[in-house]
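The values are calculated or read from the model by the stated rules, or taken from the named source; none is laboratory data. Keep in mind that what you see is a predicted model, and the values were worked out from it rather than measured. Please note: Cβ atoms are built from the backbone with ideal geometry, for glycine as well, and neighbour counts cover all protein chains shown.
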Amino acid sequence: MITWLLLTYKLPSDPSARRVYVWRKLKKLGAVTIFEAVWVLPDSPRTHEQFQWLVAEIQEMGGEAMFWKAHAELASQEQELTCRFSKQIDAAYQTLLERIEQPEPNLSVLAQEYQQIAQRDYFHSQLGQQVRTRLLASRGDES
């Protein structure tokens, strides 16, 4: 059973830059939304700390935030959430793989992007392993 972290928040409508900042941070973490109101991440020391910091930032911006830990009561709901995370991360890996396949890819930039995606790969995508293998092979070809 997976423990999930849930975050919901409310920010003043002005300035809108604050809402955009929080939204970008949530996207960078790889969080997904449930019913466009609650942001979800699997629980880990890193994700827990990131949500705690985000709650503090939201409060400093004059907003309100609620942060919980939860378990899905229905296995199908847990599978659905896991699937949403997997689809999101596989799409990012697929785009990266296509860029690796291009003529003369910038491997240092692609390796950095891989690391950023891998930080959001909470369920260890097989496609992510393929991308990693391909990046390493491409680097070896340059030697």
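Within the stretch 1-55, restricting attention to residues that are surrounded by 12 or more Cβ atoms within 10 Å (Cβ to Cβ) and of a type in the set (Gly, Ala, Ser), the residue that is farthest from Lys87 (Cα to Cα) is Ser44.
Cβ-Cβ contacts under 7 Å between residues 6 or more apart (or on different chains), taken from a first residue in the stretch 26-41 that is touching a residue at least 24 places away in the same chain (Cβ under 8 Å) and assigned to a helix (DSSP H, G or I) to a second residue that is among the charged types (D, E, K, R) and surrounded by 13 or more Cβ atoms within 10 Å (Cβ to Cβ), are listed as Leu29/Arg120.
Counting only helices (runs of 4 or more DSSP H) wholly contained in the stretch 62-143, the ones carrying 1 or more residues that are in contact with a Pro (Cβ under 8 Å, 6 or more places away or on another chain), exposed (fewer than 15 other Cβ atoms within 10 Å of the Cβ) and free of Cβ contacts under 8 Å to residues at least 40 places away in the same chain occupy 75-100. Would you be able to tell me the number of residues in the stretch 42-63 that are among the acidic types (Asp, Glu) and within 13 Å of Leu29 (Cα to Cα)? The number of residues fulfilling the criteria is 2. The residue that is farthest from Ala92 (Cα to Cα), among those in the stretch 4-25 that are without any contact (Cβ under 8 Å) to a residue 12 or more places away in the chain and among the hydrophobic types (A, V, I, L, M, F, W, C), is Ala17.
Phe85 falls short on exactly one of the conditions (1) more than 18 Å from Leu6 (Cα to Cα); (2) outside the structural domain of Pro15 (by TED's automatic domain parsing), and that condition is (1).
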